[in-house]
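Student: Shown below is the structure under consideration.
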């Protein structure tokens, strides 16, 4: 299930003992079979769910919403013809591409539609922070509520994922919480396990040798290399390296394998300087030179997973705020959704090649949804409810909703969409998937019962 | 499932190490204490699990070129590690702690040359280098400011006036030289030791503040020699892609931060650029960005309402927050991007604040929002009417050149673009229709009307800027920028009061800055914050006399851009002023300690190496983007004396870290002495190499992260 070549992808001429490798393999296998992994994809800025999942005309109830949708969003409404052309239409129950007529994915999301046909995409409808929660439509508070899973101002700056990992642990040897944007997002903040930050613009970050030689008898590269190694695998050294066995070389190989761009010569630096027997695809999914922020970050996640990192929760976003489409939404959002759709489906497909997809779920989060109506700049403003996705082989695909579609009627008088599913039910489902008790994270037992107001979410997995 | 073992947020499991290139064995002992705190511990609240814990040095191993060559040896009194051939360094490993380490740790490593593993306690043959002491590279955490501080009596000369304004003597200011360094670093980007000494002798903090506040009286001679002029490419048929021109224009801000003598103005400008964060990602033109910077700088120490009003009309802001061509109509209303953020981020904040910065709470203890959704609608409608033009006004082939340089808000305000929806009362005030009528012109103002541009925008912004909650919101943000991330309510109250009392003053912000800097609590902020990357870079370049590279009269694409090296390093540390990651800018107030994550620290170390390499002690003959000119430290003779070495190290320590700790001084001095003693190259070369290493060491130290 696991290839040494894959593990070493991007590493340059690093050798280590067979015994070490066997142990790393064992660790990978252990992680792969016992631990669930959640990849949090933050649609930072607040994605417009209503142009992500479009109401069509397959039934009278949805046709009513389609009419209101076209009326309120006259300058950005996605025509049915575009969805027909892209064949992204679908029904609440997954079926093959070319079937269905109730909803349409954004026409840019053909890849995700194909995965929906496989039953591996859960579309969760009308999710958001409940009404009367102060400032839920501001970036600051909206994203804070989503990150903490709490709805009050006085919450500690700790994330629901971090708190869940505090309960279940992540195995030892490496941080159970990894952020791919160079900083520590609130959602990963934990009481016990400081997350690891991996640089955001990893395509351009290379560690050069540094012109200062002879600093305490070494080069800058050496010091930084050691530091990078320590940063990435200090805990790994403590357990696998075991402090007395001298296997630090393997650990450095590990660090290089999971993060070669820091050390120069990795595939993310643009060229293909790796050993020729390594196909670029192994590291960059499709081998193209197209720079994709999402793909690049997900490639790192894949590499960590295949490398056996016991990390349980990953965080990544596109550039912050890019989903905040107040203007020119059609092209901006279309590009973002296409990148998300293609990246996440390739990510899952890639893991499948190595039988490592059965315990990995990608979930979307965001600041809030957007207005039911479009504005004069052909965009949408801060709103309330939206659509979110769970993607991966553990997911039981389909549309999860309490309503055929979020009701557009309030929009005709300047009102906002009602929340059909409290976002805490959605988080609760994922927290339980991680093996944690949602009550201890969300502070209320009511969200543990997924058959209540979070109707249908009980079967999100499985 | 078991709990996750605690681990370091920084991953600072290893020290930088010790040279073992001449040793065959190393004997290691260690002493000292190490405490640790997780990142959130410095906050106003203390998360559970935040208690201090301790770590200890547990292991060491030898490396070469980053690769380990030896097994890992447990460390204890007289532990001995055999050093394989080719090893160059000894790395030290510290046991797991719950966060970033604070404190000091001393490691003594003896390089020994015995042919066999020496018996503990027996005689060994020591190498010439002897003992090296290493200070553990701990991290400086965000330490909450004490609620009250005791202050020392004022110096006799603290009230000496420079310039025309009388200085109000404030007890407790400028008792020490490092206080002057602190003030010049917080309200400027620091300065060379010579400049610090001058101000220490000539009135201290208040004198420097007063001198800087009257910035128009500072000639700023020579600035043109160090800041690239705007590129002029008219008549050139070649199309220069925006991305090629951008580095020239963008680096100007960094060059100005380094070279200007109007330091306080420039630092406050940076505060506002971060406050009114605009990203070029949605701004079309380099020149719109340049124009934005210049507008903010012009208002930086002036009146806040005018600043907001001017910012609201800037092309960059109009493009960034979608207020360009934002008219709306009956079917599709104006977009609310700027209408919302001008309230939440730029003036009144998200929730109402008391004068001391604490939140106003309702009966249930919940903070009270400052605005409603209806207010967002009103705000968005009031602020419509702009239409700045893009490509149609370009001159020649240069993107956006003339459009921004000649930008005139009035000519870009079109009544047909203004949404004429009725303006309801907002915050208890109503904008009269007569005000709106005055704005109904485009280009030339009608006779008898002020040619000041769109007056509904001015009137509306005025209302926001005058709200009492704005005083506390802005005062607290300034304190968090310039003093401490957790200022005491009393301090906020005092500054908020100055802010509110001067809302109509043309020098409102200057008065606020003066109040902050002369407040008895100001000095207690020393070393309580982490330097932002831009500060880390600019401070170092200024401290080490780096503003020496002349620019060319007409910079062109492809040319070496002066100071682009450290500027690019700040970008690598994810702080590129033209590209804040979001409307929240880089570091949300109170969260600057997020900079102490493993990725940022790694980037700092990389930059320390780069800057170290820019140090010269002889005039440079080859071109470089940056030269840190320490020629004055060059030894007089062919071989540097120990006194010259110590003096040079002290100078660097003084320049970069206010002198540093005794431990750091010992490391740097010993390193430099060893280096100059052992080097086989010529004296000057080895001295220069050694000095470069010292700069690297100092800039990698926790002392240089503290601000």
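The values are calculated or read from the model by the stated rules, or taken from the named source; none is laboratory data. As the structure is a computational prediction, the values presented were derived from the model and not from experiment. When we count neighbours, we look across all protein chains shown, and the Cβ atoms used for this are built from the backbone with ideal geometry, even at glycine.
Student: Restricted to the stretch A:401-432, and to residues that are part of a helix (DSSP H, G or I) and within 14 Å of another protein chain (Cβ to nearest Cβ), which residue is surrounded by the fewest Cβ atoms within 10 Å (Cβ to Cβ)?
Tutor: So, considering only residues that are part of a helix (DSSP H, G or I) and within 14 Å of another protein chain (Cβ to nearest Cβ), the one surrounded by the fewest Cβ atoms within 10 Å (Cβ to Cβ) is A:413.
Student: Which one is modelled with the lowest pLDDT, of the residues in the stretch B:405-424 that are over 15 Å from residue B:325 (Cα atoms) and part of a loop (DSSP other than H, G, I, E, B)?
Tutor: The extreme case among them is B:406.
Student: Touching a helix residue (DSSP H, G or I) at 6+ places or on another chain (Cβ under 6 Å) and assigned to a loop (DSSP other than H, G, I, E, B), is that true of residue B:355?
Tutor: yes
Student: Test of understanding: among B:601, B:561, which residue is within 14 Å of chain A (Cβ to nearest Cβ), at pLDDT below 90 and crowded, with 19+ Cβ neighbours inside 10 Å?
Tutor: After applying the criteria, what remains is B:601.
Student: Conditions first: (1) surrounded by fewer than 20 Cβ atoms within 10 Å (Cβ to Cβ); (2) modelled with pLDDT under 95. Residue A:108 passes all but one, so which condition is the exception?
Tutor: (1)
Student: Quick one: in the stretch B:617-642, of everything that is under 17 Å from residue B:542 (Cα atoms) and not in a loop (DSSP other than H, G, I, E, B), which residue is nearest to the chain's Cα centre (by Cα)?
Tutor: B:628
Student: Would you say residue B:574 is assigned to a loop (DSSP other than H, G, I, E, B) and facing another protein chain (nearest Cβ under 9 Å)?
Tutor: Judged against the criteria, residue B:574 is a match.
Student: Being modelled with pLDDT of 95 or more, touching a strand residue (DSSP E or B) at 6+ places or on another chain (Cβ under 9 Å) and crowded, with 23+ Cβ neighbours inside 10 Å is the requirement here; does residue A:97 meet it?
Tutor: Considered against the rule, which asks whether it is modelled with pLDDT of 95 or more, touching a strand residue (DSSP E or B) at 6+ places or on another chain (Cβ under 9 Å) and crowded, with 23+ Cβ neighbours inside 10 Å, residue A:97 comes out as no.
Student: Scan the stretch A:76-95 and tell me whether some residue there is assigned to a loop (DSSP other than H, G, I, E, B) and within 14 Å of chain B (Cβ to nearest Cβ).
Tutor: yes
Student: Among residues belonging to the stretch A:35-67 that are within 14 Å of chain B (Cβ to nearest Cβ) and closer than 22 Å to residue A:388 by Cβ, point out the one that is surrounded by the fewest Cβ atoms within 10 Å (Cβ to Cβ).
Tutor: Ranking the qualifying residues of the stretch A:35-67, first place goes to A:36.
Student: Also: Kindly state which helices (runs of 4 or more DSSP H) lie completely within the stretch B:273-337 and contain at least 1 residues that are within 14 Å of chain A (Cβ to nearest Cβ), out of contact with any strand residue (DSSP E or B) (no Cβ under 9 Å at 6 or more places or on another chain) and crowded, with 24+ Cβ neighbours inside 10 Å.
Tutor: B:315-320
Student: From the list B:517, B:524, exactly one residue is at pLDDT below 95 and over 18 Å from residue B:275 (Cβ atoms). Which is it?
Tutor: B:524
Student: Considering each residue of the stretch A:68-88, count those that are over 20 Å from residue A:341 (Cβ atoms), crowded, with 20+ Cβ neighbours inside 10 Å and without any contact (Cβ under 8 Å) to a residue 40 or more places away in the chain, and give that number.
Tutor: Going through the stretch A:68-88 one residue at a time, the tally reaches 0.
Student: Could you check the stretch A:357-382 and list, in sequence order, the residues that are within 14 Å of chain B (Cβ to nearest Cβ) and either surrounded by fewer than 24 Cβ atoms within 10 Å (Cβ to Cβ) or under 15 Å from the mean Cα position of the chain (by Cα) (or both)?
Tutor: A:366, A:367, A:376, A:378
Conditions tested, residue by residue: (1) more than 24 Å from residue B:583 (Cβ to Cβ); (2) more than 10 Å from every other protein chain (Cβ to nearest Cβ); (3) within 17 Å of the chain's Cα centre (by Cα); (4) assigned to a loop (DSSP other than H, G, I, E, B).
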residue: A:130; (1), (2), (3), (4): yes, yes, no, yes
residue: A:134; (1), (2), (3), (4): no, no, no, yes
residue: A:140; (1), (2), (3), (4): no, no, no, no
residue: A:157; (1), (2), (3), (4): no, no, no, yes
residue: A:167; (1), (2), (3), (4): yes, no, no, no
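Student: Looking at the stretch B:197-214, which of its residues are free of Cβ contacts under 8 Å to residues at least 60 places away in the same chain and at negative phi?
Tutor: Result: B:197, B:198, B:199, B:200, B:201, B:202, B:207, B:208, B:211, B:212, B:214.
Student: State whether one or more residues within the stretch A:26-37 are on the phi < 0 side of the Ramachandran plot, part of a helix (DSSP H, G or I) and modelled with pLDDT of 95 or more.
Tutor: no
Student: Shifting gears a bit: Condition check: modelled with pLDDT of 90 or more and buried (at least 20 other Cβ atoms within 10 Å of the Cβ). Does residue B:386 satisfy that?
Tutor: Considered against the rule, which asks whether it is modelled with pLDDT of 90 or more and buried (at least 20 other Cβ atoms within 10 Å of the Cβ), residue B:386 comes out as no.
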